[in-house]
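Following: one structure in structure tokens, then a few remarks.
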């Protein structure tokens, strides 16, 4: 084995662990927030309730994600709040992902016929019970394919965390290229070529799963 491959591979594995940690933590937070906001936006008709939710969704979906990460990374320390960069990355990614998932949930909930909600009310179910037992189980079939697609997009988006110093997969690769450049040969082609393959192998099954679910659940 070529001497430089071993250290690069070990750092890549560490970076892959950070990428998976970022992805899993973010999707867990975003799922909870997205379901809560999307369910309320899809059922409650009050402008006083919907306006803040719509503002949240439009703001974090509309801003470039890297700008959101920079804002969090540089603003919190200025306000006296110092967090490890990976926490700032999770915060920024969770804002973007939860806003996108809230819109997915809202669209799925709205697509359920109103008669279903009226039937739940006629059975004596309150709003929370109707959402839990009647609306969300049906909406889940419609929100699952875009949810899986969003997960693939999130894995790709974790690469932006490298801009605020998180040594995830892309950040680790950048550091190794810089280290090898000092030694005389960056091997950038081999390292970033391998990085492309790794992201492809992670995201391809998710995109294919999303397409399959779309065909089976909404076809």
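With n ≥ 4 as the cut-off for DSSP H runs, can you work out [θ] at 222 nm for the chain, using -39500 (n - 2.57) per run divided by the number of residues, rounded to the nearest 500?
For the chain, the value works out to -28000 deg cm²/dmol.
Express in nm, to one decimal, how much length is gained between residue 208 and residue 58 on full extension, taking 0.36 nm for each residue of separation and deducting their alpha carbon distance.
Values: separation 150, 0.36 × 150 = 54.00 nm, distance 2.80 nm.
Extending this stretch completely gives an extra 51.2 nm.
Using alpha-carbon positions, what is the distance between the centroids of the range 57-93 and the range 192-219, in Å?
27 Å
Based only on other Cβ atoms within 10 Å, what is the fewest-to-most ordering of 96, 60?
On the way: 96 23, 60 19.
The fewest-first ordering by Cβ neighbours comes to 60, 96.
Calculate the translational D of the range 1-102 in whole µm² s⁻¹ from Stokes-Einstein, where the hydrodynamic radius comes from the Kirkwood formula applied to all Cα pairs, the temperature is 37 °C and the viscosity 0.692 mPa s.
Working: Rh = 15.6 Å.
It diffuses with D of about 211 µm²/s by this estimate.
Could you calculate the contour length gain from residue 50 to residue 179, that is, 0.36 nm times the residue separation minus the distance between their Cα atoms, to one decimal place in nm? Walk me through the numbers on the way to the answer.
Details: separation 129, 0.36 × 129 = 46.44 nm, distance 5.05 nm.
Full extension of this stretch gives 41.4 nm more.
I'd like the orientation of helix 85-111 relative to the chain: the angle between its Cα long axis and the longest Cα principal axis, in ° from 0 to 90, rounded to 10.
30 degrees
Listing 37, 183, 213 from the residue with the fewest other Cβ atoms within 10 Å to the one with the most, what is the order?
Details: 37 22, 183 10, 213 18.
The most exposed by this proxy come first: 183, 213, 37.
If you average the sequence gap of Cα pairs under 8 Å that are 6 or more apart and divide by the length of the chain, what percent do you get for the contact order? Present the calculation step by step, with values, prior to reporting the outcome.
On the way: 236 pairs, mean separation 62.1, N = 219.
Relative contact order for the chain comes out at 28 percent.
Mind giving me the FRET efficiency for residue 217 and residue 82? R0 is 41 Å, r the Cβ-Cβ distance, nearest 0.05 is fine.
On the way: r = 45 Å, r/R0 = 1.09.
Computed FRET efficiency for residue 217 and residue 82: 0.35.
So if I restrict to the alpha-carbon atoms in the range 136-203, what is the Rg, and what is Dmax, the biggest pairwise distance, in Å?
Considering the range 136-203 through its Cα atoms, Rg and Dmax are 16.7, 59 Å.
Considering the zone a paramagnetic label at residue 2 would reach in this model (a point 7 Å from Cα along the Cα-to-Cβ line), which residues of the range 135-175 have amide N under 18 Å from it?
Under 18 Å, as judged by backbone N against the label point of residue 2, lie 173-175 of the range 135-175.
With a 10 Å cut-off between alpha carbons and a GNM built on the chain, which of 77, 145, 64 moves the most?
77
Tell me, what is the percent relative contact order of the range 10-103, built from C-alpha pairs under 8 Å that lie six or more residues apart? Please list the in-between numbers first.
Values: 73 pairs, mean separation 45.5, N = 94.
It comes to 48 percent, rounded to a whole number.
For helix 169-183, report the angle its Cα long axis makes with the longest principal axis of the Cα atoms of the chain; keep it between 0 and 90° and round to the nearest 10°.
Roughly 10 degrees between the two axes.
Between 0 and 90 degrees, rounded to the nearest ten: what's the tilt of helix 65-78 against the longest Cα principal axis of the chain?
80 degrees
Counting other C-beta atoms within 10 Å, which of 133, 147, 199 has the fewest, and how do the rest follow? Mind dumping the intermediate values first?
Numbers: 133 12, 147 21, 199 18.
Lowest count first: 133, 199, 147.
Bear in mind these aren't lab numbers, they're just calculated from the coordinates by the rules spelled out. Computed from a prediction, not measured in an experiment: that's the story for all the values here. Methodologically, a virtual Cβ is constructed for each residue, glycine included, from the backbone with ideal geometry; neighbour enumeration extends over all protein chains shown.
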